[in-house]
1. Ratio of alpha-carbon Rg to the 2.2 N^0.38 Å globular estimate for chain A, to two decimals, please.
2. Mind putting a number on the dipole of region B:8-51 about its Cα centre? Charges go on the C-beta only, +1 for Lys and Arg and -1 for Asp and Glu, and I need it in Debye to the nearest 20.
3. Could you work out the mean count of beta carbons from other protein chains within 10 Å of each residue's beta carbon in A:348-359?
4. Would you work out the charge dipole size for the protein assembly as shown about its Cα centre, treating the Cβ of every Lys and Arg as +1 and the Cβ of every Asp and Glu as -1, and quote it to the nearest 20 debye?
5. Just going by the charge dipole of the protein assembly as shown, with Lys and Arg at +1 and Asp and Glu at -1 on Cβ, which of A:V157, A:N78, A:H112 is farthest out on the positive end?
6. Of A:K245/A:K293; A:K44/A:K137; A:K241/A:K309; A:K44/A:K245; A:K5/B:K3; A:K245/A:K290, which sit over 28 Å apart, Cα to Cα?
7. Check every DSSP H run in chain A and write down those whose alpha carbon atoms cover 18 angstrom or more along the long axis and whose mean Kyte-Doolittle hydropathy is 0.5 or greater.
8. For peptide B:41-51, what's the mean number of Cβ atoms from other chains within 10 Å of each residue's Cβ?
Amino acid sequence: MMRIKIILLIFLAIFLTISGFQLYQHRHYQLPIVAGPGVTRVVKLSHYLPALQGTMADTWVFFLEGKEQGGKVLILGNTHANEPEGMLATLVMIENGQVDRGTVIIIPQFNHSASRATRPGDGYPLFFEIPTGWGKKKFRMGNREASPLDQWPDPDVYIHYPERQLLSFLDARNVNRTWPGRPNGLPMEQVTYAAMELIRQEKVDLVIDIHGAETMFPVTNCIVAPEKSAKLATMVSLTVKAMEKFDNHVEPSPPKFRGLSHREIGDYSEAMPFLLEAPIPFLDQPTGPKTEKLLLDGRDPFLLRLARKNKLFVPYDETGWPIEKRVGQHLSVTLEILRQYSRRSPERSIILHHVPRYAEVVEKGVGFYFTDPSTVPPDRIYFN
Amino acid sequence: MFKIIMISYYLISAFIAAMVFWNFWLEKKKVDRMILYLLVLVPLILRLLRIK
């Protein structure tokens, strides 16, 4: 019997080593972020709340400052780290954008802890790669919520602060439910509090939170805006439809659903928030295997069948929803928000150049806009 | 406060893992029970090692 026990323990050790090593590699992989010529200053989010210093929740904040004073915009990617189009759009801006007037502040991996978690039960790939002119750039595929290694245990019910609305227990680790946060709360509440402090201290005018949503979810392919941002969002939606030929309707931010960026940022600061959604078929439930290919090209035969039965909320055909379309949409909508705001408030205008729009990204691919980190001075590379 | 709760959960997990392993070690006859004890150990070990 002792021999059987030893054999079983050896099997357990082999199983733990193989699976554990992959998960360890995923959690500790460092993504090189190239600070482009427009980046003038880089700080950590803990600059605005020192309690975050040294934790997995801390993350880089990139400043692109113009020579002329103007307005300020904060752009967030990877609020949900399993919606990578937000992170990719912000990285394209960090590597290529140059500001003439005003300030663009970018946090490419807002929920840094979630970018180091995964869903093995859902068969998520641990990494995905974007082809570029110099090889493939490798990214961690994250999760919607922060890693339980960084915030655990979960409560039975998450009680939102300060509105005291009862939310799902999982939302305690979801930074799009913990706004406006509190300095002495759960780590994810501290993350959103630090961002609120950034918004207040830097006097940010606009906040753009970039996401992806299922094709079977009604709030997809849209700009979610509260009352104070609705007019601007409507102008943006009409303009991109007319000029760039893609749909991006406006969804009102529900006033009684608390904790979301598009609700709380508007209510707890002077800034105008916008939340952008692009369809990401990978997140839909009735798809084939959750592969890297599905994540990048968005093509799935089961969704195609559902589209033919009018069960989806977006147009869907054999071309799927490739990552280029999703990132391109986000970049165009972001640029259009800045343009419309600058027209409306010339004294607070923000002029951002060298960021590609929808048609260019669809034509050239996302990888075209990434620089080979080996060709850049080490002090221009930030590992996240 | 949050850190104290988190640390206490790690201590609880370590205690449960030790108990499960102790039961595995004491099992003298049934191999299926031994396998079940080890399966129960997997998530506890991964959490205690801060891997998953």
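Computed from the coordinates by the stated procedures, all read-outs in this text should not be read as laboratory data. Since the structure is predicted, the reported quantities are computational estimates derived from the model, not experimental observations. Note: ideal-geometry Cβ built from the backbone for every residue, glycine included; neighbour counts use all protein chains shown.
1. Details: Rg = 20.8 Å, N = 384, 2.2 N^0.38 = 21.1 Å.
Taking N as the residue count of chain A, the ratio is 0.98.
2. Working: 6 positive and 2 negative charges, 12 e Å.
So the magnitude is around 60 debye.
3. On the way: counts 0, 0, 0, 0, 0, 0, 0, 0, 0, 0, 0, 0.
What the average comes to for A:348-359 is 0.
4. Details: 52 positive and 44 negative charges, 239 e Å.
Charge dipole of the protein assembly as shown: 1140 debye, to the nearest 20.
5. It is A:V157, whose Cα lies furthest towards the positive end.
6. Working: A:K245/A:K293 26 Å; A:K44/A:K137 23 Å; A:K241/A:K309 25 Å; A:K44/A:K245 38 Å; A:K5/B:K3 37 Å; A:K245/A:K290 30 Å.
Over 28 Å apart, Cα to Cα: A:K44/A:K245; A:K5/B:K3; A:K245/A:K290.
7. Details: long enough: A:2-28 (37 Å, 1.06); A:187-201 (21 Å, -0.15); A:227-244 (25 Å, 0.19); A:323-344 (32 Å, -0.65).
Those that pass (Cα extent of 18 Å or more, hydropathy at least 0.5) are A:2-28.
8. Numbers: counts 3, 5, 0, 0, 4, 6, 3, 0, 4, 5, 10.
Whole-number average of other-chain Cβ neighbours for B:41-51 is 4.
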